[in-house]
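Worksheet for the structure shown next.
The values are calculated or read from the model by the stated rules, or taken from the named source; none is laboratory data. Worth saying up front: this structure is predicted, and the values here are computed from it rather than measured. Neighbour counts are summed over all protein chains in view; Cβ atoms, including those assigned to glycine, are modelled from backbone coordinates with ideal geometry. All accessible areas refer to the heavy atoms of the entire protein, side chains included, with ligands and DNA or RNA removed. Shrake-Rupley method; radii C 1.70, N 1.55, O 1.52, S 1.80 Å.
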Amino acid sequence: MWPKKSRSKRLLSKRLWHYYLRSAERMITLFRIINITFLLGSTAVILVLISLFTPLFSQSIVYLFTLLPLPNIPSGASSSPPTAYVVLGGGLTNDQNNQIILNSYSLNRARTAAGAYHDLPLPIVLSGAEAPWLGQWLIEHDIDGLISENASMNTCENARFTAKRIPLHHVYLITDSYHMARARRQFALNGINTTPLSAPLPVGRDWEKPAQNLTHSRRAVYEVAAYLRDVIRPQMDCRHAKDVTSQQLLTPRGNAAKSPTE
């Protein structure tokens with residue numbers, strides 16, 4: 001027979017040993033989880049970084065944008081057919097003679113509007129400080145039925161001032177595919193239903209041209225951030241329709257317009 005104290009010590013030692021083993025097993029399991037998480041996270045980051053230089057990233061963002069729900073609009077707007085084209089300006093630039101002209105973003109949107117107009121003639125609403133230059137280009141290409149809104153300087157104002165400029169329920173909205181989700185949301189907030197007509201970016205996607213793909217990826221990343229900003233913390237510099245007069249909406253602006261990312 002073992003002395004009582006000795007037996008108690010042995011039982012205590014055994015319990016401590018089992019506790020130590022269980023703790024060691026938990027630590028090993030934890031380290032395995034951390035290691036697997038780190039490997040998966042690192043792999044995901046590497047794949048995302050690689051995809052930025054391929055068409056995969058930007059195409060995925062555009063697809064995800066199409067799945068986003070729009071704010072509720074009046075039933076009349078959702079059931080009526082489109083009655084106009086709305087072209088959102090994408091910026092201006094200067095030519096070799098230092099004359100203000102449409103930049104490549106705005107030019108592609110004007111071309112998209114012209115092509116759609118020739119297929120289905122409808123009034124064209126030009127929204128943004130680029131409106132006079134958009135109008136001039138369209139007139140030179142035998143397009144009439146133009147309605148200008150010259151005051152807006154960002155996407156939120158595009159929607160608010162277009163709604164004030166002319167009563168519309170459903171329109172074909174023309175901008176690029178990355179900007180489309182944010183623009184459609186703003187128009188829906190102002191009671192206007194939109195059918196998207198996406199204008200191409202100045203450069204295309206090409207698996208063999210990573211620099212061009214990176215341009216698309218940067219555009220996609222910007223629009224993701226801008227969309228989240230609009231949802232979480234709307235722009236403070238977006239004027240309300242009551243802040244501008246009807247005359248201001250019609251007055252051409254002579255200064256350079258917003259950047260292409262707007």
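Do you know which of the residues in region 131-160 that are closer than 19 Å to Leu92 by Cβ, within 20 Å of the chain's Cα centre (by Cα) and not polar (S, T, N, Q) is most open to solvent (accessible area, probe 1.4 Å)? Among those residues, the one meeting the criterion is Met153. When Trp207 is tested against (1) surrounded by 14 or more Cβ atoms within 10 Å (Cβ to Cβ); (2) touching a Ser or Thr at 6+ places or on another chain (Cβ under 7 Å), just one condition goes unmet, and that condition is (1). Checked against (1) surrounded by 23 or more Cβ atoms within 10 Å (Cβ to Cβ); (2) more than 21 Å from the chain's Cα centre (by Cα); (3) small (Gly, Ala, Ser), Ser106 meets all criteria but (2). A count restricted to region 190-226 and to residues that are more than 15 Å from Leu88 (Cβ to Cβ) and out of contact with any strand residue (DSSP E or B) (no Cβ under 8 Å at 6 or more places or on another chain) stands at 23.
Gly115 satisfies every condition listed in (1) assigned to a helix (DSSP H, G or I); (2) closer than 22 Å to Thr195 by Cβ; (3) of a type outside the set (Lys, Arg); (4) open to solvent by 40 Å² or more (accessible area, probe 1.4 Å) except (4).
Counting only strands (runs of 3 or more DSSP E) wholly contained in region 143-262, the ones carrying 3 or more residues that are under 25 Å from Ser60 (Cα atoms) occupy 170-176, 193-199.
Selection of region 42-90 for residues being surrounded by 13 or more Cβ atoms within 10 Å (Cβ to Cβ), under 26 Å from Gly128 (Cβ atoms), hydroxyl-bearing (Ser, Thr, Tyr) and under 19 Å from the mean Cα position of the chain (by Cα) yields only Ser58.
Residues being in contact with a helix residue (DSSP H, G or I) (Cβ under 8 Å, 6 or more places away or on another chain), under 24 Å from Leu102 (Cα atoms), of a type outside the set (Val, Ile, Thr) and at pLDDT below 95 are represented in region 237-246 by at least one member.
Selection of first residues in region 110-134 that are over 19 Å from Lys164 (Cβ atoms) and of second residues that are open to solvent by 10 Å² or more (accessible area, probe 1.4 Å) and in a helix (DSSP H, G or I), restricted to Cβ pairs under 6 Å at least 6 apart or on distinct chains, gives the following pairs, ordered by first then second residue: Ala110/Trp137. Scanning region 242-262 finds one or more residues that are surrounded by fewer than 17 Cβ atoms within 10 Å (Cβ to Cβ) and within 14 Å of the chain's Cα centre (by Cα).
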